[in-house]
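Q: One structure follows; several queries about it will come next.
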Amino acid sequence: MASSKLVLVMCFMISAFGIGIGAKFNQEFDITWGDGRAKILNNGDLLTLSLDKISGSGFQSKNEYLFGKIDMQLKLVPGNSAGTVTAYYLSSQGPTHDEIDFEFLGNLSGDPYTLHTNVFSQGKGNREQQFHLWFDPTADFHTYSITWNPQRIIFYVDGTPIREYKNSESMGVSYPKNPPMRIYSSLWNADDWATRGGLVKTDWSQAPFSAFYRNFNANACITSSPSSCNSNTTTSTSSSWLNEELDNTSQERLKWVHKNYMVYNYCTDSKRFPQGFPADCLQNS
């Protein structure tokens, strides 16, 4: 609790809380690459990324965040999306960067997407968990959320937790907590590894491939903003993410996802770790 209070005080001093639900993409993000393949439409309410044989595309947030709850609705590339990756993640920069990843690995028509998650701290990742989804993520928009606080990182799909990564600093494992991170997203070709280990290549006759974004919300500490946090704006609701943890119902939902939809877990891959599993697996399996 003491560390949470310290972080909240720090947020008061250096940041502003919150961006409203359905924030305008043209106000909160910059298109960073793609030579016109990324577009902000509908008065800032919709963002699209596209990929063809020449290039993919991407965008990043104008703000940097230090802890918070991030929500984004995505509708993924439909049909034969094999070889494509739609990435949506938080990251700092440099060789010792921190990163919290959602990556959606495309597949042949009729086969499920693989949702790849990872957590990097001080440049070290290798903490992959992968899932299939219990719906078609190309048919409609679905909400993908990250709660990041000093105690844990929770990945959600439509409000259902799919992964919890707990702070294991007491075991000598670094944890993402400094520096702050931006939000990034991109649609790109990764047919050397994305689908069945690279066996299935991108079918460029299906291009251009497109992914769609809407209803971005960040209830978070924004480190690039002038100080405007105060006790009147940081209500118990707006800052609930700071001490968020999974209640019994959410724990049961998490177990349901792991039992039925998890397809890879680094903490059970004995071939990869013949000398023993990483220390953080003790509380993150």
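The values are calculated or read from the model by the stated rules, or taken from the named source; none is laboratory data. Nothing here was measured: the structure is a model prediction, and the numbers come from that model. As a convention, Cβ positions derive from the backbone with ideal geometry for all residues, glycine included, and neighbour counts pool all protein chains shown. Accessible surface areas use protein heavy atoms only, side chains included; no ligands, DNA or RNA. Shrake-Rupley method; radii C 1.70, N 1.55, O 1.52, S 1.80 Å.
Q: So is Phe67 at positive phi and either crowded, with 22+ Cβ neighbours inside 10 Å or in a strand (DSSP E or B) (or both) or not?
A: yes
Q: List every residue pair whose Cβ atoms sit under 6 Å apart, with the two residues 6 or more apart in sequence or on different chains, where the first one lies in the stretch 174-200 and is surrounded by fewer than 17 Cβ atoms within 10 Å (Cβ to Cβ) and the second, anywhere, is modelled with pLDDT of 90 or more and polar (S, T, N, Q).
A: Note: pairs meeting the criteria are Ser174/Ser121; Ser174/Gln122; Pro179/Ser92.
Q: Quick one: which of Tyr165, Tyr156 is assigned to a strand (DSSP E or B) and open to solvent by 10 Å² or more (accessible area, probe 1.4 Å)?
A: Tyr156
Q: Sticking with this structure for a sec: Could you grab the pairs with beta carbons closer than 6 Å, sequence gap of 6+ or different chains, first residue in the stretch 261-283 and closer than 23 Å to Asn167 by Cα, second one buried (at least 17 other Cβ atoms within 10 Å of the Cβ) and β-branched (Val, Ile, Thr)?
A: Taking only residues 6 or more apart or on different chains, the pairs are Ala279/Val173; Asp280/Val173.
Q: Part of a loop (DSSP other than H, G, I, E, B), β-branched (Val, Ile, Thr), at pLDDT below 95 and closer than 25 Å to Phe141 by Cβ: is that true of Thr237 in this structure?
A: yes
Q: Which condition number in (1) open to solvent by 10 Å² or more (accessible area, probe 1.4 Å); (2) out of contact with any helix residue (DSSP H, G or I) (no Cβ under 7 Å at 6 or more places or on another chain) is the one that Tyr144 fails?
A: (1)
Q: Residues Val77, Val119, Val85: which one is assigned to a loop (DSSP other than H, G, I, E, B), at pLDDT 95 or above and aliphatic (A, V, I, L, M)?
A: One residue alone meets the criteria, Val77.
Q: Considering Trp134, Trp188, Trp193, which residue is assigned to a strand (DSSP E or B) and over 13 Å from the mean Cα position of the chain (by Cα)?
A: None of the other options fit; the residue is Trp188.
Q: Something else about it: What do you reckon, is Tyr156 within 16 Å of the chain's Cα centre (by Cα), of a type in the set (Ser, Thr, Tyr) and over 20 Å from Leu254 (Cβ atoms)?
A: When the stated conditions are applied, Tyr156 does not pass them.
Q: Looking at Thr86, Thr32 in this structure, which one is among the β-branched types (Val, Ile, Thr) and surrounded by fewer than 17 Cβ atoms within 10 Å (Cβ to Cβ)?
A: Answer to the check: Thr32.
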